[in-house]
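Below you'll find the structure, written out as C-alpha cells, and then a few comments.
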Amino acid sequence: MSNPILQFLEERIKRIRHNGGNKPLQTAANDFNVASNTAMYSYNFSWMGRPIIQYPQDMIAMQELIWEIRPDLIIETGIAHGGSLIFYASLLELIGQGEVLGIDIDIRDHNRKEIEKHPMFKRIQMIEGSSLSDEIAGQVRAIAAGKKKIMVCLDSNHTHEHVLQELELYAPLVSPGSYIVVFDTIVEDLPENYLPGRAWARGNNPKTAVWEFLKRNDCFEIDSDIDHKLLISVAPQGYLKRVR
C-alpha cells in the first residue's frame, strides 16, 4: 500500500517544479508582480497588530523555513514598523525556542515603543546603527556566538553595494542547511523608475548583489524551488540556502 502522505508531498514537488516552465503562469505572476509593486501592495498588511511590509506569499515561505529549521537566532537588517520582527518572534514562540535580532540605522521612537510593548518583544533584541559598521557587525557576532542554527534576512538599504556588503558580513553566520534571504530582489524585474526617488533601480539592487555574491561564494545556492512555488514574491532568486 502506498503512503498517502509521501504521495501528496511528491505530487506537490512535481507541481512546483512544473511551475518553472509554465509560461502562462509565469507571465500572469510577472504581470501581478509589476502592477502590485507599483501600487505598493506590500504596505497593506499587518501581523499581530504591527504593519509588516511583506507579501503574504513570502510570509508563508518564511513560516515554512522557520518551522523546518527551528533557528536559535534570526537576524534581520531593516526594522521599519517591526512587523517582520513580531512575525518571526511569534513563530519562534510557537516552536518554543529562539530569538530575533533586528538592526536598523534609524529606529523611530514611535515604532520602538510599539515593538517594545508587544507581547512578542520577549524574543526580540534591537540594535540601532548601520548594519555595515564594524561596531554593529561585532555586536551581532557576539550575540550569534554559540548559536547552532542561524537565519539571516536582509531588508534594509536595497542598493547593490549595500546589500553585497551585508551578504559578505552576515552570510558567514548562517548555519549549514539554513538560509540568508535577500528581500526586494524584484527591483531588477520591474520597470525602470517604477517608484521615483529610490536609490536603487535595474542594475543596482539586491538581485545584482546576489549574483555578484554567488560568483565569489560557493557555500550558497539559490533555492529555485521556492521561486517556482511562490511565483508572486518580492524576493525572486533571493532565497539563498547554505549548502556547505
In Å³ per residue, the alpha-carbon convex hull of the chain encloses 144
Cα to Cα, under 17 Å, and not fewer than 8 places away if on the same chain: which aspartates and glutamates meet these conditions relative to K215?
E161, E166, E168, D223
Rounded to the nearest angstrom and ordered from largest down, what semi-axes does the equivalent ellipsoid of segment 1-120 get from its C-alpha gyration tensor (root of 5λ)?
31, 22, 10
Once W200, W211 are ranked on solvent-accessible area with the largest value leading and a 1.4 Å probe, the list reads W211, W200
F32 accessible area, nearest 10 Å², 1.4 Å probe?
80
Name all residues of segment 125-169 having a backbone nitrogen under 17 Å from the label point set 7 Å from the Cα of R70 along its Cα→Cβ direction, giving them as ranges.
147-151
Scoring the chain by relative contact order with C-alpha pairs under 8 Å, at least six apart, yields a percentage of 19
Can you give the extra length, in nm with one decimal, that the chain gains between R141 and A199 once fully stretched, where that is 0.36 nm per residue apart less the Cα-Cα distance?
18.0 nm
Average Cα contact separation per residue, segment 95-169, under 8 Å, 6 or more apart, as relative contact order %:
31
Average accessible surface area per residue within the chain, 1.4 Å rolling probe, Å²
49
Would you calculate a helix-derived [θ] at 222 nm for the chain, using -39,500 (n - 2.57) for each DSSP H run of n ≥ 4 and dividing by the full residue count, to the nearest 500?
-13500 deg cm²/dmol
Pairwise Lys count, segment 57-177 - Cα closer than 25 Å, eight or more residues apart or different chains:
4
Over segment 73-137, what percent of the accessible surface lies on carbon and sulfur atoms, probe 1.4 Å?
46
Segment K113-S36, extension gain: residue separation times 0.36 nm, minus the distance between their alpha carbons:
24.7 nm
Cross-link reach list, lysines versus K14, counting only Cα pairs under 28 Å and skipping chain neighbours closer than eight places
K23, K207, K229, K241
In order over segment 90-96: 3J(HN,Hα) from phi, Karplus 6.51/-1.76/1.60, θ = phi - 60°, whole Hz, x for each Gly or Pro, gives 5, 5, 5, 5, 5, 5, x
Expressed in angstrom, Rg and Dmax over the Cα atoms of segment 75-177 are 13.2, 37
In whole Hz, what ³J(HN,Hα) sequence does segment 130-147 give by Karplus (6.51, -1.76, 1.60; θ = phi - 60°), x for Gly and Pro?
6, 5, 8, 6, 4, 4, 5, 4, x, 4, 5, 4, 5, 5, 6, 4, x, 7
Diffing segment 224-233: the Karplus 3J(HN,Hα) column from phi (6.51, -1.76, 1.60, θ = phi - 60°), in whole Hz with x for Gly and Pro, holds 5, 4, 5, 4, 5, 6, 7, 6, 9, 6
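The values are calculated or read from the model by the stated rules, or taken from the named source; none is laboratory data. Nothing here was measured: the structure is a model prediction, and the numbers come from that model. Note that each Cβ is placed from the backbone with ideal geometry, even for glycine, and that neighbours are counted across all protein chains shown. The protein model used for the area step is the full one, side chains on, heavy atoms only, and it has no ligands, DNA or RNA in it. Shrake-Rupley method; radii C 1.70, N 1.55, O 1.52, S 1.80 Å.
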